[in-house]
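Right, one structure below, let's go through it.
The values are calculated or read from the model by the stated rules, or taken from the named source; none is laboratory data. All figures in this text were calculated on a predicted structure; none of them were measured in a lab. Note that each Cβ is placed from the backbone with ideal geometry, even for glycine, and that neighbours are counted across all protein chains shown. For the accessible areas, the whole protein counts, side chains as well, though only heavy atoms, and no ligand, DNA or RNA atoms are used. Shrake-Rupley method; radii C 1.70, N 1.55, O 1.52, S 1.80 Å.
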Amino acid sequence: MNNSKSFKMRWSLQGTTALVTGGCGGIGRGIVEELAAFGATVHFCHKNEAELNQRLEQWDELNLPITGSLCDVSSRDDRQKLMERVSSLFCGKLNILVNNVGTGFFKPTEDYTAEEFSFIMSTNFESAFHLSQLAHSLLKESGSGSILFISSIAGLVGAKQVSLYAASKGALNQLTRNLACEWAKDNIRTNSIAPGPTRTPLLLKNFENNQVPESKIFPIPLGRVGEPEDVASLVAFLCLPAASYITGQIICVDGGRSVNVL
């Protein structure tokens, strides 16, 4: 009986709290639903109020323990207000922070503007860095904290016309390693997930803008682009007690794309 109970606890997020940035659609939505399915109480943020309210209504109808806040993570003030809300909701404690929000587009390096540089770096890297700073005390107070960065294989391998996006994701990968070492003393684990091409609104928009079929851009050994749930399932695993000895890792979820040199 005791062994059975222990096993269930290792594979459950019951009683934990989580914050997921950008949880309305794509990978973020998959992560929110996956964490909730494992028993976590989840708060998410989104920058479009109408879309946020629509998603909240859908989840409320399913009786899922999910709440949401309006927040543009590229805004420092918004990030501070978000974390104040989370602290209030979860009584000063947080078990899981998933820095999911990200943006990018295909463009020759020489054509990027200063405004585009600022936008991509503030959205993809600065927001994740600052939110991790703000969440540190809450994660520490929980006694068992876990930070997940949603990176990309673009931060690990070379690719054309995504230099800013790739640089921002490479920065997340290095931040993962540093925080894993620095915050281990506070019982906070930090890992990064590097998806390959995943079927999200952002990816589909880039396909349409470039008018290039998926098969020509991405030689993936498993023969398909990823789905949001492919990423969400790994996020949930890395947050489980069963993964309590995993920290400082960058794990690819890419159907073999990052190791395919042909």
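Among the residues of segment 113-132, which ones are open to solvent by less than 60 Å² (accessible area, probe 1.4 Å) and assigned to a helix (DSSP H, G or I)?
Of everything in segment 113-132, those that are open to solvent by less than 60 Å² (accessible area, probe 1.4 Å) and assigned to a helix (DSSP H, G or I) turn out to be 116, 120, 121, 122, 123, 124, 125, 127, 128, 130, 131, 132.
Select from segment 41-76 the residues that are over 22 Å from residue 87 (Cβ atoms) and out of contact with any strand residue (DSSP E or B) (no Cβ under 9 Å at 6 or more places or on another chain) and list them in ascending order.
Of everything in segment 41-76, those that are over 22 Å from residue 87 (Cβ atoms) and out of contact with any strand residue (DSSP E or B) (no Cβ under 9 Å at 6 or more places or on another chain) turn out to be 50, 51, 54, 57, 58, 61, 62, 63.
Provide a single number: the residues in segment 15-31 that are of a type in the set (Val, Ile, Thr), out of contact with any Cys (no Cβ under 7 Å at 6 or more places or on another chain) and closer than 15 Å to residue 41 by Cα.
4
Being in a helix (DSSP H, G or I), closer than 17 Å to residue 152 by Cα and either basic (Lys, Arg) or open to solvent by 50 Å² or more (accessible area, probe 1.4 Å) (or both) is the filter here; which residues of segment 231-262 pass it?
Result: 233, 257, 259.
For segment 1-24, give me the residue count where each residue is closer than 19 Å to residue 78 by Cβ and modelled with pLDDT under 95.
Adding up the residues that qualify gives 3.
Can you tell me how many residues in segment 105-146 are within 15 Å of the chain's Cα centre (by Cα), under 16 Å from residue 86 (Cα atoms) and among the hydrophobic types (A, V, I, L, M, F, W, C)?
3
Pairs needed: first member in segment 110-127, aliphatic (A, V, I, L, M); second member anywhere, open to solvent by less than 40 Å² (accessible area, probe 1.4 Å); C-beta distance under 7 Å; at least 6 residues apart or different chains.
The qualifying pairs are 120/103; 120/104; 120/164; 120/168; 121/168.
May I ask you to list the residues in segment 72-111 that are touching a Gly at 6+ places or on another chain (Cβ under 9 Å) and more than 20 Å from residue 141 (Cα to Cα)?
Hits for segment 72-111 are 73, 100, 101, 102.
Within segment 156-183, can you find the residues that are surrounded by fewer than 22 Cβ atoms within 10 Å (Cβ to Cβ), closer than 22 Å to residue 117 by Cβ and in contact with a strand residue (DSSP E or B) (Cβ under 9 Å, 6 or more places away or on another chain)?
Result: 156, 173, 175.
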